Number of protein chains: 2
Amino acid sequence: MFSLQIIGLRGLPDVSPGDNLVSLIADGVRRESVDVNDGDVFVVTQKIVSKASGRMVRLADVEPSAIAEDWASRVEKDPRLIEVILRESARIVRMDRGIIVAETKHGFVCANAGVDGSNVPGGYVTLLPEHPDDDACKIREGLTATLGSRVAVLICDTFGRPWRLGQVNVAIGISGLKPLADYRGSRDASGVFLQSTMIAVADELASAAELVMGKLHRVPVAIIKGVVDHEGEGAAHDLIRPGHEDMFR
Amino acid sequence: MFSLQIIGLRGLPDVSPGDNLVSLIADGVRRESVDVNDGDVFVVTQKIVSKASGRMVRLADVEPSAIAEDWASRVEKDPRLIEVILRESARIVRMDRGIIVAETKHGFVCANAGVDGSNVPGGYVTLLPEHPDDDACKIREGLTATLGSRVAVLICDTFGRPWRLGQVNVAIGISGLKPLADYRGSRDASGVFLQSTMIAVADELASAAELVMGKLHRVPVAIIKGVVDHEGEGAAHDLIRPGHEDMFR
């Protein structure tokens with residue numbers, strides 16, 4: 001029987017700036033008696049990566065600019081939050097009805113440039129990791145050394161999307177895994193050439209992991225076992241559609 | 001240990017118009033000795049639903065209109081294919097560099113209005129099912145009666161998305177499952193109210209299933225075991241963002 005297993009790693013403690021995520025995750029793996037093997041994929045939420053690396057801002061320390069004050073008054077939001085969002089943005093894609101869709105400095109397009117106040121102490125917000133592919137690489141190297149198995153690591157966040165309601169988990173940092181399965185030029189089961197099929201496997205893995213993470217439970221890490229043909233080099237940057245190919249910028 | 005399992009149902013025969021999908025899937029479950037329980041989610045590709053219900057078009061039978069001829073010459077595509085795409089579209093969202101992004105009559109926004117020539121006999125294309133929620137309901141009722149377990153059913157297809165490369169599997173037909181987990185008004189683990197978090201669980205389940213389906217293998221059905229809090233009423237229509245709330249129409 002061909003199957004995947006997705007394990008939610010429960011019981012991790014609250015993460016604070018300076019914490020060693022590799023140790024926390026490895027301790028969780030041992031405590032929950034998860035049998036880790038070569039090829040397993042560790043999916044880690046952005047929130048704990050941002051917290052551990054100190055990517056948190058106390059809103060009381062933020063001095064909003066005039067433009068942030070102006071925008072905030074129009075959308076009835078905290079001007080200090082708008083200021084943080086603007087600082088994290090390379091470009092505002094849309095601003096309408098209190099929703100800001102921005103392109104981050106990494107090139108991700110998401111609500112509020114990834115600035116988020118959930119699962120953070122009151123009065124604070126988290127920013128996306130500054131270099132999430134590098135963070136994924138460090139966690140992968142640490143877990144591989146500590147656990148003795150060659151694993152891949154994804155850092156994930158929940159993003160909204162046009163046309164469809166609800167957010168889905170996507171990959172914002174990748175190490176040890178090919179983010180796209182490229183079937184262009186292959187033949188399908190009927191022998192027909194597939195013209196343009198590229199599957200965003202890293203995003204599908206992130207979405208699969210979210211199913212055991214939820215938003216209210218403290219399950220910031222999932223382990224996916226049984227994935228095939230995924231190992232290789234790659235970065236979340238590979239998932240960003242180049243501007244000149246994008247019809248919805 | 002809290003975990004999900006995703007099983008790929010291999011060895012299903014080619015599907016032809018008029019085939020009984022419930023029988024084919026139930027036979028596959030027995031042949032592969034899958035232990036089906038209440039709450040299991042069956043994810044079924046659009047392709048076999050469209051084939052079984054005869055939603056196939058032989059391009060040789062299509063008479064392209066003048067507008068299809070005109071568009072086809074500009075994007076270097078088969079005018080008969082463009083004609084079929086136009087017939088399936090309620091609205092063209094973008095047409096650029098040979099790519100047509102269209103809103104289907106169901107309200108889905110996707111490339112080529114879901115018209116697809118892969119995994120179909122040469123010279124044919126499939127259309128999306130006409131009423132995929134109804135198809136999901138019929139399959140669910142059939143499987144529940146045949147297998148004796150209360151299951152949920154998703155019909156899925158791979159859709160591209162703006163800003164990110166690659167396609168991901170999403171739900172286009174749903175029965176027996178709540179498509180969205182609505183955390184609005186809930187408190188997170190820090191006691192902070194979550195303002196706007198709705199997770200598109202049905203799409204994440206579809207993406208998870210794709211990981212065992214692939215594009216080249218004949219695995220048109222996946223079974224997801226261990227999902228919690230998902231049972232209920234819902235339709236894929238619930239996942240369509242209303243036009244007046246959509247900033248990217």
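FYI, it's all coordinate maths here, none of it is from the lab. Nothing here was measured: the structure is a model prediction, and the numbers come from that model. Neighbour counts are summed over all protein chains in view; Cβ atoms, including those assigned to glycine, are modelled from backbone coordinates with ideal geometry.
Details
- GNM result for chain A, Cα springs below 10 Å: residue of A:199, A:223, A:100 fluctuating most strongly: A:199
- Relative to one another, the C-alpha centroids of the stretch A:153-182 and the stretch A:1-17 are positioned 17 Å apart.
- Nearest-first distances (nm) between copies at residue A:2, label 7 Å from Cα via Cβ: 3.0
- Sites residue A:233 and residue B:61, calculated FRET efficiency, Cβ-Cβ separation with R0 35 Å, nearest 0.05: 0.15
- The GluC sites (Glu not before Pro) of the stretch A:51-94 that DSSP puts in a loop, and whose beta carbon has at most 16 other beta carbons within 10 Å, are A:76.
- Sequence-separation-based contact order of the stretch A:57-125, relative, with Cα cut under 8 Å and 6+ spacing, percent: 27 percent
- Note on B:240-246: average number of Cβ atoms from other chains within 10 Å of each residue's Cβ is 3.
- Point-to-point label distance, residue B:76-residue B:141, nm (Cα→Cβ direction, 7 Å offset): 4.9 nm
- Cα gyration tensor category, rounded, prolate or oblate, for the stretch B:1-78 with a/c compared to 1.5: prolate
- A Cα-only calculation for the protein assembly as shown places Rg and Dmax at 22.6, 68 Å.
- Radius of gyration, Dmax [the stretch A:57-125; alpha carbons; angstrom]: 11.3, 29
- With 27 Å as the limit on Cα-Cα distance, the pairs of A:51/B:225; A:105/A:138; A:105/B:47 that go past it are A:51/B:225; A:105/B:47.
- Inter-chain Cβ neighbour count for A:86-98, averaged per residue, equals 1 (cutoff 10 Å, partner chain atoms only).
- Under the convention that each Lys and Arg Cβ holds +1 and each Asp and Glu Cβ holds -1, the size of the dipole of chain A around its Cα centre is about 420 debye.
- Span-rule helices in chain B, defined as complete DSSP H runs reaching 27 Å or more along the axis (Cα) with Kyte mean at least -1.0: none
- Gaussian network model of chain B, Cα within-10 Å springs - most flexible of B:153, B:44, B:125: B:125
- Residue A:231 sits among other residues whose Cβ lies under 12 Å from its own Cβ, and their net charge, with Lys and Arg +1 and Asp and Glu -1, is -1.
- Pseudo-label separations to other copies for residue A:65 - Cα-to-Cβ vector, 7 Å, nm: 4.9
- Considering only A:107, A:119, A:75, the residue lying farthest towards the positive end of the dipole of the stretch A:57-125 is A:107, judged by Cα position with unit charges set on Cβ.
- Each 10 Å bin from zero up to the one holding the largest Cα-Cα distance in chain B carries the following percent of pairs: 7, 29, 33, 20, 8, 1, 0.
- Computed from label points 7 Å out along Cα-Cβ, the spacing between residue A:27 and residue B:20 is 5.8 nm.
- Ellipticity estimate at 222 nm from DSSP helix runs (n ≥ 4, -39,500 (n - 2.57)) divided over the protein assembly as shown, nearest 500: -8000 deg cm²/dmol
- Per-copy distances of the residue B:91 label point, shortest first, in nm (7 angstrom along Cα→Cβ): 2.4
- For chain A, a Gaussian network of Cα nodes joined below 10 Å ranks A:208, A:235, A:72 by mean-square fluctuation, and the top entry is A:72.
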